[in-house]
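Here the structure is laid out as structure tokens; the discussion comes afterwards.
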Amino acid sequence: MNLPNKITVIRILMIPFFIAALLIDFPFHQPIAAALFIIAALTDSLDGYLARSRNLVTDFGKFMDPLADKLLVCSALICFVQLGSVPAWVVIVIIAREFAVTGLRTLAAADGIVIAASKWGKAKTMSQMIAIVIILFNNWPFSLINFPADTIMIYVATILTIFSGVDYFILNRKVFRSM
């Protein structure tokens with residue numbers, strides 16, 4: 001297993017520790033959860049950069065890297081529902097989009113078509129991660145000026161999630177023509 005793939009696996013292995021730090025009340029649990037999430041999120045850029053720059057792109061990485069992102073983001077969002085930080089409908093929309101696009105990619109793969117991440121998909125992931133970090137920090141420093149950055153960012157992420165999902169289906173409608 002090459003280095004980028006090992007980093008992806010480490011990101012997946014960090015998720016239970018992030019969840020425990022977020023949900024179990026112990027001293028400094030929230031900053032620890034935030035640090036774990038940020039480190040995990042940064043490994044996404046690192047493994048992708050290493051894979052492309054060193055010509056280490058593998059089928060395992062193509063499959064597991066986006067899955068690791070989805071597991072990390074969905075885990076955080078589901079925990080936020082439990083904590084009352086994010087409305088359940090937002091998380092349902094985001095997870096439904098992930099299932100739908102994953103299904104589309106699976107159908108395309110059966111026909112030998114690879115659906116690469118789009119600029120909107122990347123913007124969606126980035127907005128979700130930014131929203132999660134702001135929520136993890138309890139809207140700090142924006143709370144000092146009474147600005148609801150956490151609420152605004154989660155809705156921006158939701159809108160980008162919907163838009164990018166629709167975009168994937170429009171751009172890849174040929175997948176359904178073969179059915």
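Just to confirm a number: summing +1 for Lys and Arg and -1 for Asp and Glu over residues other than Ala117 whose beta-carbon lies under 13 angstrom from that of Ala117, what do you get?
Here the charged neighbours net out to +2.
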Can you give the angle from 0 to 90° between the axis of helix 119-136 and the longest principal axis of the chain, with both taken from C-alpha atoms, to the nearest 10? 20 degrees
Just to be sure I understand the model, the point goes 7 Å from the Cα along the line to the Cβ. What's the resulting Phe63 to Leu144 distance in nm? 4.7 nm
Cα centre as origin, Lys/Arg/Asp/Glu Cβ charges: the chain dipole, Debye: 580 debye
Binned Cα-Cα distance frequencies in the stretch 1-124 - 10 Å width, integer %: 12, 37, 36, 13, 2, 0
I need the phi-derived Karplus couplings for the stretch 94-108: 6.51 cos²θ - 1.76 cosθ + 1.60, θ = phi - 60°, integer Hz, Gly and Pro marked x. 5, 5, 4, 4, 4, 5, 5, 5, 5, x, 4, 5, 5, 4, 5
Considering Cα pairs under 8 angstrom that are at least six residues apart, work out the relative contact order of the stretch 67-179 and quote it in whole percent. 33 percent
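Read-outs throughout are calculated quantities, based only on the coordinates presented, and are distinct from any laboratory measurement. Worth saying up front: this structure is predicted, and the values here are computed from it rather than measured. Note that we place each Cβ from the backbone using ideal geometry, even for glycine, and neighbour counts take in every protein chain shown.
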